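J.: Below: one structure in structure tokens.
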Amino acid sequence: MDVIVLGLMLLSLTIWLGLVGFWGQFWRVDQQLEVTETQLQSLPVVCAIVPARNEAQLLPTTLRSLLLQDYPGSFNVFLVDDRSTDQTANFAEGVAHAIAKPQQLHIISGELLPNGWSGKLWAVEQGIMSASKFAPDYFFLTDADIAHDPGNLSRLVAKAVQEDLDMVSVMVRLRCESFWEKLLIPAFVFFFQKLYPFRWVNNPNNPTAAAAGGSILIAREALERIGGIQVIRQALIDDCALAKAVKQKKKADQQGKNNQSPIPNQGRIWLGLSTLTHSLRPYDSLATIWDMVVRTAYTQLNYSPLLLLGTLAGMILIYLVPVVCVILGVVWGNWAIALTGLLGWLLMTFAYYPTIRFYKCSLWFAFSLPAIAFLYTLMTLDSALRHWQGRGGAWKGRVYPNPDNL
């Protein structure tokens with residue numbers, strides 16, 4: 001038994017050494033938008049698209065921050081009222097008048113959701129269709145719960161223009177105030193970066209593609225090139241689906257050119273973190289965070305039972321085995337097992353600490369990663385169970401059990 005336990009621990013330790021040393025430096029939290037220089041010689045036309053469903057409570061803060069962007073170029077906001085029941089449209093109009101920006105805000109009454117579309121993407125599609133009359137150079141896709149730093153749009157546009165990018169996206173700082181938010185939200189970002197290392201996403205020669213839906217700037221030409229939002233109309237993880245479509249288009253276009261030199265300004269995306277723009281969406285309890293994760297966890301695994309089993313086994317091996325080995329090693333008096341387990345635990349704490357520091361949480365939360373991972377493992381399993389029961393993908397009063405059934 002000692003040999004088996006030690007073997008599992010050595011395997012876990014080897015995986016952590018590989019993750020820290022060779023997995024895109026995902027843990028370093030060094031891809032941040034705020035380092036971008038915002039000086040531009042030309043000012044592209046930008047239209048923001050904001051899908052809003054029952055967001056009246058947040059709009060006085062979030063919409064105000066969007067309308068008060070310091071971007072000096074042409075900028076209009078298209079808010080799509082997705083059949084709200086809380087007077088979202090009236091609140092939005094009131095915000096615009098209160099800050100003397102009524103001409104900059106365009107409110108669209110959302111039409112009935114057609115078959116084959118997710119609610120958010122149908123709202124985005126309607127916003128893009130309305131905004132197209134301004135012939136924008138870029139669409140700024142953002143959520144109604146995002147409080148934007150005044151310079152957020154200027155930095156996004158500057159990043160796109162200066163580096164000749166098709167799409168720029170930032171994972172805004174998620175709310176991290178309650179105990180459960182401090183325990184689980186930084187880990188959500190950590191796991192996302194491990195799944196999609198930002199350095200790999202930002203490398204045009206690496207196929208990894210991802211984005212964060214709260215703040216996406218996409219070139220109109222790039223969106224048209226992939227066929228518009230409708231190409232991902234069924235996606236529940238729409239941000240990553242959009243990023244994949246944009247980045248893969250480069251590969252397809254290059255193959256069509258018989259392997260000639262890379263085509264400029266196609267398929268180039270960038271994803272980073274923001275220290276200043278943040279989400280106001282509260283997750284005050286374990287239940288709210290649980291539902292947020294469960295909504296798309298099994299979708300991320302392509303609804304595959306085999307991938308689910310592999311993920312559960314991987315989470316146990318990587319995050320739980322080190323702690324179990326420390327406990328068993330102490331109980332059995334086998335210090336080789338205990339010390340090897342402790343080394344693995346310290347290594348994962350080292351990897352997680354930059355994210356904990358980014359979110360200004362206590363160091364003790366970094367040591368709690370095994371317990372946090374155990375909760376996320378249970379969430380992933382629950383996501384699959386809900387899917388099999390026909391209750392998957394619930395959001396804003398709508399349930400999307402399976403993209404094939406949308």
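J.: Please state which one of Lys133, Lys182 is over 17 Å from the mean Cα position of the chain (by Cα) and free of Cβ contacts under 8 Å to residues at least 60 places away in the same chain.
T.: None of the other options fit; the residue is Lys133.
J.: Only one of these conditions is not met by Gly151: (1) crowded, with 19+ Cβ neighbours inside 10 Å; (2) under 18 Å from Ser65 (Cβ atoms); (3) among the small types (Gly, Ala, Ser). Which number is it?
T.: Only one criterion is unmet by Gly151, namely (1).
J.: Does Ile99 satisfy the criteria of being β-branched (Val, Ile, Thr), farther than 30 Å from Tyr353 by Cβ and either buried (at least 21 other Cβ atoms within 10 Å of the Cβ) or over 24 Å from the mean Cα position of the chain (by Cα) (or both)?
T.: Yes; evaluated as a whole, the condition is true for this residue.
J.: Kindly evaluate Phe91 against the criterion of being touching a Cys at 6+ places or on another chain (Cβ under 8 Å) and modelled with pLDDT of 95 or more.
T.: The answer is no for Phe91.
J.: Taking strands (runs of 3 or more DSSP E) that do not extend beyond the stretch 130-231, which have at least 3 residues that are within 26 Å of Gly24 (Cα to Cα) and in contact with an Asp or Glu (Cβ under 9 Å, 6 or more places away or on another chain)?
T.: 215-219
J.: Against the condition farther than 17 Å from Gly7 by Cβ, touching a helix residue (DSSP H, G or I) at 6+ places or on another chain (Cβ under 9 Å) and modelled with pLDDT under 95, how does Ala366 come out, does it pass?
T.: no
J.: Only residues that are touching a helix residue (DSSP H, G or I) at 6+ places or on another chain (Cβ under 6 Å) and either within 16 Å of Leu66 (Cα to Cα) or outside the structural domain of Gln126 (by TED's automatic domain parsing) (or both): list them for the stretch 82-96, please.
T.: Result: Phe91, Ala92, Val95, Ala96.
J.: If I ask for residues that are surrounded by 15 or more Cβ atoms within 10 Å (Cβ to Cβ) and out of contact with any Gly (no Cβ under 9 Å at 6 or more places or on another chain), which ones from the stretch 11-35 would you list?
T.: Across the stretch 11-35, the qualifying residues are Leu19, Val20, Trp23, Gly24, Gln25, Phe26, Trp27, Arg28, Val29.
J.: Scan the stretch 97-131 residue by residue and report those that are on the phi > 0 side of the Ramachandran plot and either outside the structural domain of Val77 (by TED's automatic domain parsing) or at pLDDT below 95 (or both).
T.: If the condition is that a residue be on the phi > 0 side of the Ramachandran plot and either outside the structural domain of Val77 (by TED's automatic domain parsing) or at pLDDT below 95 (or both), then Gly116 is the only one that fits.
J.: Checking the conditions here, which among Phe179, Phe198, Phe134 is crowded, with 20+ Cβ neighbours inside 10 Å and either in contact with a Pro (Cβ under 6 Å, 6 or more places away or on another chain) or of a type outside the set (Val, Ile, Thr) (or both)?
T.: Exactly one residue qualifies, and that residue is Phe198.
The values are calculated or read from the model by the stated rules, or taken from the named source; none is laboratory data. Here the structure is a predicted model, which is why all the values come from computation and not from measurement. Note: ideal-geometry Cβ built from the backbone for every residue, glycine included; neighbour counts use all protein chains shown.
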